[in-house]
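First the structure, in the form of structure tokens, and then the observations on it.
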Amino acid sequence: MGDGLYGRTLPQPTELDGPYWDGLRRYELLIQRCTDCQSYLWYPTEVCSRCQSFSMQWTPVAPTGEIYSFTTQYQRTGSKFDEDIPYTSVIVQLAEASEVTMGGLLVEADPDQVRVGLPVVGVFVDATPEITLLQFRPQT
Amino acid sequence: MVPSPTAIIVGIGETEISKDSGRSDVRLNLEASLAALSDGGIVATDVDGIVVPALVGATAEDLMSALGLADLAYSAAIHMGGAGPLAALAHARLAVTSGAAQNVLVSFGQNGRSGSQRLGRRPPRLQISSATTYRRNYEAVHGFVVPAPFYALWAQRYMYENGWTSTEPLAHVARIQSEHAVLNGLGLADRALTVEEHQTSRLISSPFRLYDCSREADGAAAILVRGVANPQPGDVVIRGIGEGHPPQPDQPLARRPFLGSGMPGAARRAFDMAGCSPEDLDFAELYDAFSFNVIWQLEQIGICEPGAGAAFVLDSQIALDGKLPVNTHGGLLAQGHLWGAAHITEAVKQLRGTAGKAQVSGARRGLVTGSGDFGDASVAILEVS
């Protein structure tokens, strides 16, 4: 996983999730939404898992929400993330699409202050010229 | 071949459990398999079915070649992570009761500690379908690179929903199982832990500390299943067995319900087939990749009401002299992580009355679980005839 200066694991965008990564490069969070039943769908999918419609649209959603669960990593794993220990990984429930929970790294936070329900906002991090990652920080 | 209505476990075999076996994955499988065949009173060429429980270890082809088998009437391979060994037992039961095969071997063996596939030191790669992209693009990029942080998320959410103020219940799981492992004497744990030792051990993936995590190990365990028309007294019968799968099986961070898994369905199917209920059990071997999984499963399989698992554990009801002894061999936490294969062999020993110092007196019926691949589950109820 030698991923350039950023060093940590980088995604390998696919045909299916390309619009998500293109959105992040513009500092925009896009989530698939079913145009028939209006459900937001995550992880990226070929078909709406609620109503089986193939008609979906990548839809802008505010990158804000609450911590649904979290863990702070102290143990080395042999990956480049070892340089960041202790770091906190979270699941965020999106405010505008509460059926969506997604993973993220929590930055600018003291591990002792992290709790379920903590409001967070998105931080767009340009990892490489091609890849921008969505991370989160506590709302101030 | 005539179908035989009842599947029994006629043989078990194990290698030692160590941190460095000094021999190959295939060799470990062969040692455990030959021990199981000998225990079952057959020779290698009597084996006509092999179910491979995992994507690691020995393949059916490895075993066939090494054992000199001319043919197999039945083979299958399971893709359910740590639920694999027990799910393989379900396949073995189907094979022998349908008449597809007579003697079916299930063998799990791996250098899980000394080998290159150590789970705590590598990304949780899944090589099938879209899972590879999921693991990398939506999880590993956020630091979820090994299993512990995933299970930590489930534990943290569970603790929040159930109002826990400390991880003391987890400490008691670790303490009790280490006590069992010392009695069992075959695993990695060489002494019993105290609650304080657990609570002051280093953090791994919060809320998990060192002793909340299973001990990765080298070793193998094998099980031989046969179909019979009429079980004889003393036979260990597979009375009920079932599997279950969670919604969004490869999407753990987005799963709804987040704490959903295949375990409740697997348990329901196993109890229905066996025609019994949780209060009829004498012991349980619960798949314990992490201490939290024991408390979670006590509730998922109906031994405790939702939210009541912690009190059950704090009251030592999972100890040998408790209401339901759990992980009498020490489990993955204290004996060593063989993907639950040794949960099955331990249950057979309990039912035979050969479990040594950790024997549950008068054990007639026990439950075994398998769990893996982020929520796949299998449950079996074994009974001595």
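Each value in this text was obtained by applying a stated rule to the coordinates, not by laboratory testing. Worth saying up front: this structure is predicted, and the values here are computed from it rather than measured. Quick reminder, even Gly has a Cβ in these numbers, built from the backbone with ideal geometry, and neighbours come from all protein chains shown.
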### Query
So how far apart, in nm, are the two label points at residue B:61 and residue B:160 if each is 7 Å from Cα heading toward Cβ?
4.7
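Considering only the protein assembly as shown, what is the antiparallel percent among its DSSP beta bridges, to the nearest 5? If you can, show how the numbers build up before the last one.
Numbers: 71 of 84 bridges.
About 85 percent, rounded to the nearest 5.
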#### Entry: Cysteines (scope the protein assembly as shown) whose Cβ has no counterpart Cys Cβ under 4.7 Å
B:213, B:276, B:304
### Message
So if I place +1 on the C-beta of Lys and Arg and -1 on the C-beta of Asp and Glu, and nothing else carries charge, what would the dipole magnitude of chain B be about its Cα centre? I want it in debye, nearest 20.
### Response
640
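Taking every DSSP beta bridge with both residues inside chain B, roughly what % is antiparallel (nearest 5)?
Working: 39 of 51 bridges.
Among the beta bridges of chain B, antiparallel pairing accounts for roughly 75 percent.
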### Task
Compute the Rg to Rh ratio over the stretch A:69-112 from the alpha carbon atoms, using the Kirkwood formula for Rh, and round to two decimal places.
1.05
### Message
Angle check, please: helix B:263-274 long axis (alpha carbons) against the longest principal axis of chain B (alpha carbons), in degrees 0 to 90, nearest 10.
### Response
40
### Alpha-carbon gyration tensor eigenvalues x 5, square-rooted, for the protein assembly as shown, Å
40, 25, 22
### Message
Ignoring everything except DSSP H segments at least 4 long, calculate the 222 nm mean residue ellipticity for chain B; use -39,500 (n - 2.57) per segment, divide by total residues, nearest 500.
### Response
-9500 deg cm²/dmol
### Task
Using only Cα atoms, tell me the angle between helix B:25-39 and the longest principal axis of chain B; keep it within 0 to 90° and round to the nearest 10.
60
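Tell me the volume per residue, in Å³, of the convex hull enclosing the alpha carbons of chain B. Mind showing how you got there, number by number?
Numbers: hull volume 47.6 nm³, N = 385.
So the per-residue hull volume is 124 Å³.
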### Task
Quick one: dipole size for the stretch A:14-138, taken about the Cα centre, charges +1 on Lys/Arg Cβ and -1 on Asp/Glu Cβ, in debye to the nearest 20.
180
#### Entry: Sites residue B:354 and residue A:26, calculated FRET efficiency, Cβ-Cβ separation with R0 60 Å, nearest 0.05
0.35
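Placing unit charges on C-beta atoms (Lys and Arg positive, Asp and Glu negative, everything else neutral), compute the dipole magnitude of the protein assembly as shown about its Cα centre in debye, rounded to 20.
Details: 38 positive and 56 negative charges, 39 e Å.
In debye, rounded to 20, the protein assembly as shown gives about 180.
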### Task
Compare the Cα positions of B:267, B:292, B:252 along the charge dipole of the stretch B:243-312 (+1 at Cβ of Lys, Arg; -1 at Cβ of Asp, Glu; about the Cα centre) and return the one farthest towards the positive end.
B:252
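Once you keep just the Cα pairs under 8 angstrom separated by 6 or more residues, what percentage relative contact order results for the stretch A:14-138? Kindly include the intermediate steps, with their values, before the conclusion.
Values: 256 pairs, mean separation 28.3, N = 125.
RCO, the stretch A:14-138: 23 percent.
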## Note on the structure
Listed residues B:294, B:51, B:141; largest mean-square fluctuation, Gaussian network over chain B with Cα springs below 10 Å, found at B:141
### Query
From the residues B:208, B:234, B:324, which one has its Cα farthest along the dipole of chain B in the positive direction, the dipole being from +1 and -1 charges on Cβ of Lys/Arg and Asp/Glu about the Cα centre?
B:208
### Summary
Hull surface over four for the Cα convex hull of chain A, reported in nm², is 8.9
### Query
If you find the alpha carbon centre of the stretch A:52-123 and of the stretch B:282-314, how far apart are they in angstrom?
28
#### Entry: Measure of compaction for the stretch B:307-352 (Cα Rg per 2.2 N^0.38 Å)
1.24
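How do B:318, B:223 rank when sorted from fewest to most other Cβ atoms within 10 Å of their own Cβ?
Values: B:318 27, B:223 32.
So the ranking, lowest neighbour count to highest, is B:318, B:223.
Across peptide B:227-233, how many C-beta atoms of other chains are within 10 Å of each residue C-beta, on average? Write out the running numbers ahead of the final one.
Details: counts 0, 0, 0, 0, 0, 0, 0.
Average per residue, whole number: 0.
What list do you get for B:98, B:371 if you sort them by fewest beta carbons within 10 Å? Let's see the in-between values first.
Values: B:98 13, B:371 29.
Taking fewest neighbouring Cβ atoms as first place, the list is B:98, B:371.
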### Query
Given B:158, A:29, B:87, which one lies farthest toward the positive end of the charge dipole of the protein assembly as shown, if we put +1 on the Cβ of every Lys and Arg and -1 on the Cβ of every Asp and Glu?
B:87
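Please check chain A for the longest run free of GluC sites (Glu not before Pro) that are loop-located per DSSP (anything but H, G, I, E, B) and have at most 15 other Cβ atoms within 10 Å. Please report the intermediate quantities before stating the final value.
Values: sites that count: A:15, A:46, A:96, A:99, A:108, A:130.
That gives A:47-95 as the longest site-free run.
What is the order of B:349, B:357, B:19, fewest Cβ neighbours within 10 Å to most? The partial results should precede the final answer.
On the way: B:349 22, B:357 11, B:19 15.
Least crowded to most crowded, the residues run B:357, B:19, B:349.
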